[in-house]
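Here's the structure we're looking at; comments come further down.
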Amino acid sequence: MNQTVAGYPATSARCRGWLRYLYRKATTPDDWSKEGRPHPHWDALSNEPTLSWHRFDLIESSYAVALMADATPAWREVYSRVLDELIHRHTGYWAAKDWLEQIGPDPRRASYPEAWYAYYMAPELRGQYDVPGWTANGVEPWGLQMDPIGADGNLFFKGFFLLMLGLHRYVSGDDKWERPFEMIRDGTHTFTWSHRAIAELLAEQWGARHEGCHCENTKIWPV
């Protein structure tokens, strides 16, 4: 991995170090089921309140893997293994923990940090509006929808996941995620999806709403 040939695409020493670290992260066994817990090396603290969930470490790690695979396609097996491990974790309970546990209005509405009021909502909505990042599963008019893919809201969960599935197919050429797989796997809360079925659902939801799909319930993020 440390040798390069002049005139041929190559990754930098820094990229190779990061890839080595990510491969170790991705292949270290952990448990994303409801009864388990992700390994501490998966970040769930950065960029609160919108991105401070373990799955965003999976999502944001996948982009560079795909870019590096374009530069050094001979390492496709390594890149494919990393993406496969990231996707598998994204099917677990902890990947959708916010959707599965943030039910109804946020009880912290009136006590957010002042910076959140200034940045995320109009002053007149203080105490009456959930901050972006609170998914509000169960609020009207949708009601409680425990499938994080099939729900009317939760766009960002399934949208980013669909991108990860596409990157895996692009890098590996393997259609394994086209075959039905189970999500969440929490007793009655076990849902079966496939790469194609998620894409078709998102296309249907976008077509049904000219204003776009909801990220958290009641919120569409124009960005």
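Brief remarks follow.
- Counting only residues that are in contact with a helix residue (DSSP H, G or I) (Cβ under 6 Å, 6 or more places away or on another chain) and not hydrophobic (A, V, I, L, M, F, W, C), region 77-97 holds 5 of them.
- Any hit, region 182-189, residues being among the hydroxyl-bearing types (Ser, Thr, Tyr), buried (at least 19 other Cβ atoms within 10 Å of the Cβ) and either without any contact (Cβ under 8 Å) to a residue 12 or more places away in the chain or under 21 Å from PRO107 (Cβ atoms) (or both): no
- Search result, residues across region 41-76 that are surrounded by fewer than 16 Cβ atoms within 10 Å (Cβ to Cβ), under 20 Å from PHE157 (Cα atoms) and charged (D, E, K, R): GLU48, GLU60
- Residue that is in contact (Cβ under 8 Å) with a residue 60 or more places away in the chain and more than 16 Å from PHE161 (Cβ to Cβ), where the choices are SER62, SER33, SER12: SER33
- Selection of region 129-166 for residues being at negative phi, part of a loop (DSSP other than H, G, I, E, B) and buried (at least 19 other Cβ atoms within 10 Å of the Cβ) yields TYR129, ASP130, VAL131, TRP134, THR135, PRO148, ILE149, ALA151, GLY153.
- Some residue of region 84-106 being without any contact (Cβ under 8 Å) to a residue 24 or more places away in the chain, farther than 24 Å from HIS39 by Cβ and either assigned to a loop (DSSP other than H, G, I, E, B) or among the hydrophobic types (A, V, I, L, M, F, W, C) (or both): no
- Of the residues PRO29, PRO9, PRO40, the single one that is in a loop (DSSP other than H, G, I, E, B), farther than 30 Å from GLU216 by Cα and within 21 Å of the chain's Cα centre (by Cα) is PRO29.
- Residue check for LEU22: under 20 Å from LEU155 (Cβ atoms), part of a helix (DSSP H, G or I) and either touching a residue at least 12 places away in the same chain (Cβ under 8 Å) or under 17 Å from the mean Cα position of the chain (by Cα) (or both): no
- Residues that are outside any helix (DSSP H, G or I) and within 20 Å of the chain's Cα centre (by Cα) do not occur anywhere in region 58-77.
- Apart from one condition, ALA203 fits all of (1) modelled with pLDDT of 90 or more; (2) buried (at least 18 other Cβ atoms within 10 Å of the Cβ); the exception is (2).
- From the options TYR79, TYR112, residue that is more than 30 Å from GLY173 (Cα to Cα) and buried (at least 16 other Cβ atoms within 10 Å of the Cβ): TYR112
- None of LEU144, LEU162, LEU167, LEU155 is touching a residue at least 12 places away in the same chain (Cβ under 8 Å) and in contact with a Cys (Cβ under 6 Å, 6 or more places away or on another chain) except LEU155.
The values are calculated or read from the model by the stated rules, or taken from the named source; none is laboratory data. Keep in mind the model is a prediction, meaning the values are calculated, not measured. Neighbour counts run over all protein chains shown; Cβ positions are idealised from the backbone, glycine included.
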